[in-house]
Amino acid sequence: MAQESIMRSGDKAPGPDGAPSVVATGLRIIGNVVSGGVVHVEGEVDGDIQCTELTIGAEGRVSGQATAFAVVVFGRMTGTIRAKHVRIASGATVVGEVIHERLTIEAGARLDGFYRPVEKVEMSAAVDVRQQFSRAPQGESVLPRRSLPPSRKRPRGGISLRQPQGLTLKPLH
C-alpha cells in the first residue's frame, strides 16, 4: 500500500526525509517503537509508538499510545492517539481517545471512544525523539528506563519449587 499523507502543502512535519520504518504483515512487536521519521504498521504493535508520521495500514493493529505529528489509520488502533493531524479512513476502527488539532473521520470509519480537539497538541515526546537519537550511543534505547521492583525474599516455611531428592517424575501420557 502506498504511503498516504494528510498534511497540507504548508505543513512540514519535523524529522528526516528517509524511507519509512515498516512493521510488516505477520510481524508482532511487543514493546515500544521510537523513530525519528515515518513508521508504517501492517503487522501488530502492542506498545507505544513515537514518531514523526504514523500510518496504520489496513491489516495493521496497534494497541497502546501513538504520539506523532500526523497519524493515518486504515486498520485498527486501540488506545490513545496524540497528534496534530489525525485521519481515520473508511473501514478503520479506533477504540480509545483521540487528542488532536485537526481530525478527519471518513464515512465508514468507526470511532468508539472520545475525541478531544485542543488548540495545540504537546508534541515534545514525538519531536524530542529525533534529538534523542542523535545523542544516544549505538544500540542504546532512548526510552526512559523503568526501575524494577526490589526482589522479595522467599517467606520462611514457603513452598519450594525445587524437586525433592529421590523423587522421579513420570510423563502424564
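The values are calculated or read from the model by the stated rules, or taken from the named source; none is laboratory data. The model shown is predicted, which means the values in this text are computed figures rather than measured ones. When we count neighbours, we look across all protein chains shown, and the Cβ atoms used for this are built from the backbone with ideal geometry, even at glycine.
A few notes on this one:
- Unique residue being out of contact with any helix residue (DSSP H, G or I) (no Cβ under 8 Å at 6 or more places or on another chain) and assigned to a loop (DSSP other than H, G, I, E, B) when the list is S90, S63: S90
- When the test is whether a residue is touching a residue at least 24 places away in the same chain (Cβ under 8 Å), closer than 22 Å to R116 by Cβ, in contact with a Ser or Thr (Cβ under 9 Å, 6 or more places away or on another chain) and aliphatic (A, V, I, L, M), A92 does not pass it.
- Of all residues in the stretch 56-80, those that are under 11 Å from the mean Cα position of the chain (by Cα), of a type outside the set (A, V, I, L, M) and buried (at least 22 other Cβ atoms within 10 Å of the Cβ) total 1.
- Selection from the stretch 25-42 of residues that are under 12 Å from the mean Cα position of the chain (by Cα) and surrounded by 18 or more Cβ atoms within 10 Å (Cβ to Cβ): V33, V34, S35, V39, H40, V41
- When G79, G113 are checked against the criterion of being within 17 Å of G60 (Cβ to Cβ) and not acidic (D, E), G79 stands alone in meeting it.
- Lone unmet requirement of (1) buried (at least 22 other Cβ atoms within 10 Å of the Cβ); (2) under 15 Å from the mean Cα position of the chain (by Cα); (3) modelled with pLDDT of 95 or more for A92: (2)
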